[in-house]
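Right, one structure below, let's go through it.
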Amino acid sequence: MTVNPGISDVARAAGVSTASVSRALRGLPGVTEATRARVLETAHALGYVASPSAASLASGRMRTVGILTPWVDHFFHAAVIEGAERALRPLGFDALLHTFDANRGRPRRALDAVALHRRVDGILVVGVALGPDEIAAIDAVGVPVVYVGSGAPGSVLVRIDDEATARAATAHLVGLGHRVVGHLAASWDDGLPDDVRHAAPAWRRLRGWRETLREAGLDAVEDLVVTGPDGVAGGRASAAQLLDRRPDVTALFAATDELAMGAVLAARERGLHVPGDLSVIGVDGHPLGELVSLTTMAQPAVEQGAAAARALLDVVVGLPVDDDIVFPTRLEDRGSTAPPRLVPR
């Protein structure tokens, strides 16, 4: 056994490439779960230090990572934070959580990153689209930054393919035979420049819905879209508005699972059966979605948080990282989608 094993030793013992070892140890997509498990077991047996940054970090650092996020009560944000903390804790790092004013349904105040000056070694920005002035304020802290969900130009970004995910969700509904498909969009900040808004997950999911319907020869008109605050309450209100406006809608694609769960409540309040009268699909893989049998495009949010934290520590010590780390999503059919009734409701 090698006294100080390296990544090549782990690769040779596990029978995989060094690239596969690197991706498996850093929690990145692109390797099977079986390969990941074999690599982790081999690394442990050889005594290999899984994180180069853990061994390279010099003394004198704060050993703290700042996490900037507008909310902690949404599934995606909470799961990403949990994943980041899981990755940081074994390496002796703390997470300093910094939330900022982002009142749902109202324009938020600009982000202020002054509180993080000289307190952190790096910053994770989770689930928020930022304007140029806000990005400049974060850069002024003078530490590496990694974004999750929506990022600044030229930054390291951990994300899912939001447009492809929306396309898959909408195609699922179209494939079931639905011809009038509505969309519940999560609101973004109207005060942000177009290039920032158009890079946000909510806008990319809207575009995926729209383009999929158009390619199928179906309507993707504005009165089939309602944009409102994310969350169950927001989804309930948005779905009620859409169902009142377009009673011929037979299916809804919601930008998040929480919006979708609100839509299920709104349908029930109108005496509609899900999925008999109305099919509903969301995005996230929220565990509480199982309570309402919600079909979803599940994303590995915890894994994204862990990968972002590891990437940030690598940047801190000057190791190369991928600029764009994209995780896959998968369709989980839990029962809230079905073919439309032959006789309209």
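Any read-out appearing in this document is the output of simple, stated calculations on the displayed coordinates, not a laboratory observation. Since we're looking at a predicted model, the values are computed, not measured. A quick note on method: Cβ atoms are made from the backbone with ideal geometry, for glycine too, and the neighbour counts reach across all protein chains shown.
Once you charge only the Cβ atoms, +1 for Lys and Arg and -1 for Asp and Glu, what is the size of the charge dipole of the chain about its Cα centre, to the nearest 20 debye?
With only Lys, Arg, Asp and Glu charged at Cβ, the dipole is about 460 debye.
Pairing the Cα long axis of helix 301-316 with the longest principal axis of the chain, what angle in degrees results, from 0 to 90 and rounded to the nearest 10?
Around 40 degrees separate the two axes.
What's the extension gain from Val72 to Ser17 if we count 0.36 nm per residue and subtract their Cα-Cα distance?
16.0 nm is the gain from fully extending Val72 to Ser17.
Whole-Hz ³J(HN,Hα) for each residue in the stretch 152-160, computed from phi via Karplus 6.51 cos²θ - 1.76 cosθ + 1.60 with θ = phi - 60°, x for glycine and proline: what do you get?
Along the stretch 152-160, the couplings run 8, x, x, 8, 7, 10, 10, 6, 10 Hz.
Which order do the peptides 207-215, 300-308, 74-82 come out in when sorted by mean C-beta neighbours inside 10 angstrom, highest first?
Averaged packing, sorted descending, gives the order 300-308, 74-82, 207-215.
Of all the C-alpha pairs in the chain, what % are more than 27 Å from each other?
49
So what is the calculated 222 nm ellipticity per residue for the chain, using -39500 (n - 2.57) for each DSSP H run with n of 4 or more, over all residues, to the nearest 500 deg cm²/dmol?
Only helices count here, giving -11500 deg cm²/dmol.
Amide H of Thr64: which non-local residues (sequence gap of 5 or more, or other chain) have their own amide H closer than 5 Å, using H built in the peptide plane?
Correct list: Asp94, Asp121.
Relative to the longest principal axis of the C-alpha atoms of the chain, give the angle of the C-alpha long axis of helix 257-269, reported between 0 and 90° and rounded to the nearest 10°.
Long axis of 257-269 versus the principal axis of the chain: about 20 degrees.
Provide the per-residue ³J(HN,Hα) series for the stretch 5-15, in order, calculated from phi with Karplus coefficients 6.51, -1.76, 1.60 and θ = phi - 60°, each as a whole number of Hz, with x at glycine and proline positions.
x, x, 5, 5, 5, 5, 4, 5, 5, 8, x
Test of understanding: what is the full-extension gain from Ala164 to Thr64, defined as 0.36 nm times their sequence separation minus their Cα-Cα distance?
32.5 nm
Take the Cα atoms of the stretch 7-50, build their convex hull, and give its volume per residue in Å³.
Given the Cα convex hull of the stretch 7-50, per-residue volume reads 54 Å³.
Going by alpha carbons, how many degrees (0 to 90, nearest 10) lie between the helix axis of 75-88 and the longest principal axis of the chain?
For helix 75-88, the angle is close to 10 degrees.
Please work out the FRET efficiency for the pair Val114 and Arg341, using the Cβ-Cβ distance as r and a Förster radius of 56 Å; give the result to the nearest 0.05.
0.50
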